[in-house]
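Trainee: Could you have a look at this structure, given as structure tokens, before my questions?
The values are calculated or read from the model by the stated rules, or taken from the named source; none is laboratory data. Given the structure is predicted, the values throughout are model-derived calculations rather than measurements. Neighbour counts are summed over all protein chains in view; Cβ atoms, including those assigned to glycine, are modelled from backbone coordinates with ideal geometry. Note: accessible area is taken over every heavy atom of the protein model, side chains too, but ligands, DNA and RNA are not part of it. Shrake-Rupley method; radii C 1.70, N 1.55, O 1.52, S 1.80 Å.
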Amino acid sequence: MRNSNCITLLIGLLTVVGAIRPQAASAETTVTLRVSGITVIGARDGRMWAATRTLLGCTWRNLGAAPLSDDYVVKGTDDDETIRLAESPLIWCSRVLQPINQSGRSIKIYGGDGDDTIYGGGSAPFSGNPNWVFGEDGNDILYLGPGGAHGEGGPGNDLIYGSDSPGDVLLGGEGDDVLCEHADKPPLTIDGGEGTDTSCSPTASNGFDGVEDIVCWPCGFGY
């Protein structure tokens, strides 16, 4: 009986240990763009591509397989540039790029130095969009993809457009930033950070801070 009790206790302990064992983190692939210009990232022929157009023509770079099996980090150059994650089919550099089937994986785009414009994009279904966009240094313009995404301006005077989703997170960072969500569709979080910051939305459902002015005209037409 004693041996039977010991075996039962040992099995119980192993079950508890197995239950609390930390899960392995998902893999993450990091790529750095080599050419500054206007870059569109999308899917073609079962691969994810970055197509960059400059005054000298188009440069294509194979970033990996699509649908995604890893999270991705895409880093821009230190020059002024535009990075767009395809949200719908489009013709770019004479070929059709499709939205990437992310299979629940995230894509994080970092602008680097320079005055950058970044479009967060995202593939359907758009609920709980895992994509993040980071302007980093410079005066950047960020567009969050649909479904609730995350945007951080970083140092500089940044302009961040949400997608009117209740899951959006808009963080200005250092500098005088403008955070744009329609006033009747509050996001999850708005935080202007350091500097004199402006928000179109007067509230957020899970945190509203660091905003000195609540006006919509700096966001432009439609706000």
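Trainee: Determine the relative contact order of the chain: mean sequence separation of Cα pairs under 8 Å and six or more apart, normalised by residue count, in whole percent.
Mentor: 10
Trainee: Round to the nearest 10 and give me the degree value, 0 to 90, for the angle of helix 2-20's Cα axis relative to the longest principal axis of the chain.
Mentor: Once rounded, one gets 0 degrees.
Trainee: Express the relative contact order of the range 34-130 as a whole percentage, based on alpha carbon pairs under 8 Å and six or more residues apart in sequence.
Mentor: Details: 221 pairs, mean separation 28.4, N = 97.
Rounded, it is 29 percent for the range 34-130.
Trainee: Hey, another quick one. Taking only protein heavy atoms and a 1.4 Å probe, what accessible area per residue, in Å², does the chain have with all protein chains in place?
Mentor: Roughly 51 Å² per residue, with all protein chains present.
Trainee: How much length would be gained if the chain were fully extended between ASN101 and SER88, taking 0.36 nm per residue of separation minus their Cα-Cα distance, in nm to one decimal?
Mentor: Using 0.36 nm per residue and subtracting the Cα-Cα distance, I get 3.5 nm.
Trainee: Next up: What's the FRET efficiency of ILE38 with ASP184 using the Cβ-Cβ distance as r and R₀ = 35 Å, to the nearest 0.05? Provide the component values of the computation, followed by the final result.
Mentor: Details: r = 33 Å, r/R0 = 0.95.
The formula returns an efficiency of 0.60 here.
Trainee: Report the paramagnetic label zone for THR196: residues of the range 203-223 whose backbone N is under 13 Å from a point 7 Å from Cα along the Cα-to-Cβ axis.
Mentor: Under cut-off, by backbone N: 212-214.
Trainee: How many angstrom lie between the Cα centre of the range 162-217 and the Cα centre of the range 126-152?
Mentor: If you average the Cα positions of each part, the centres end up 13 Å apart.
Trainee: Ok, one more. If I stretch the segment between ASP209 and ARG47 completely, what's the gain in nm (0.36 nm per residue apart, minus their alpha carbon distance), one decimal?
Mentor: The ASP209-ARG47 span can extend by a further 54.2 nm.
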